[in-house]
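Before any comments, here is the structure.
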Amino acid sequence: MDHQYKVQLNLELGHRAKPRLRESSEDFTHDWTVFVRGPQNGNMKSLVEKVVFNLHESYPKPKRVFREPP
């Protein structure tokens, strides 16, 4: 007998930016935060192995891989 299981997980993807209070040596004007969250900020550790962010190539290390929440 072939069993098929389906899982639906609603995620919130987003970002925030706030202007820097002081100039940086790299001429960055904002501090950015990107995030992936589960429902009601719930723990997704048992369902999500990693999250990969592909940033613009002008960023140092534009491919960022996270296996744990910050």
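Taking first residues from segment 16-35 that are farther than 16 Å from PRO60 by Cα and partners that are of a type in the set (S, T, N, Q) and assigned to a strand (DSSP E or B), the Cβ contacts under 7 Å between residues at least 6 apart in sequence or on separate chains come to ARG16/THR33. Hey, among the residues in segment 37-70 that are of a type in the set (Gly, Ala, Ser) and either surrounded by 10 or more Cβ atoms within 10 Å (Cβ to Cβ) or closer than 18 Å to GLY14 by Cα (or both), which one's farthest from the chain's Cα centre (by Cα)? Only one residue fits best here, namely GLY42.
The rows are residues; the columns are (1) part of a strand (DSSP E or B); (2) among the hydrophobic types (A, V, I, L, M, F, W, C); (3) modelled with pLDDT of 85 or more; (4) in contact with a strand residue (DSSP E or B) (Cβ under 7 Å, 6 or more places away or on another chain).
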residue: MET1; (1), (2), (3), (4): no, yes, no, no
residue: SER24; (1), (2), (3), (4): no, no, no, no
residue: SER46; (1), (2), (3), (4): no, no, no, no
residue: GLU68; (1), (2), (3), (4): no, no, yes, no
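The values are calculated or read from the model by the stated rules, or taken from the named source; none is laboratory data. On a predicted model such as this, the values are computed, not experimentally measured, just so you know. No Cβ is skipped: glycine too gets one built from the backbone with ideal geometry, and neighbour counts run over all protein chains shown.
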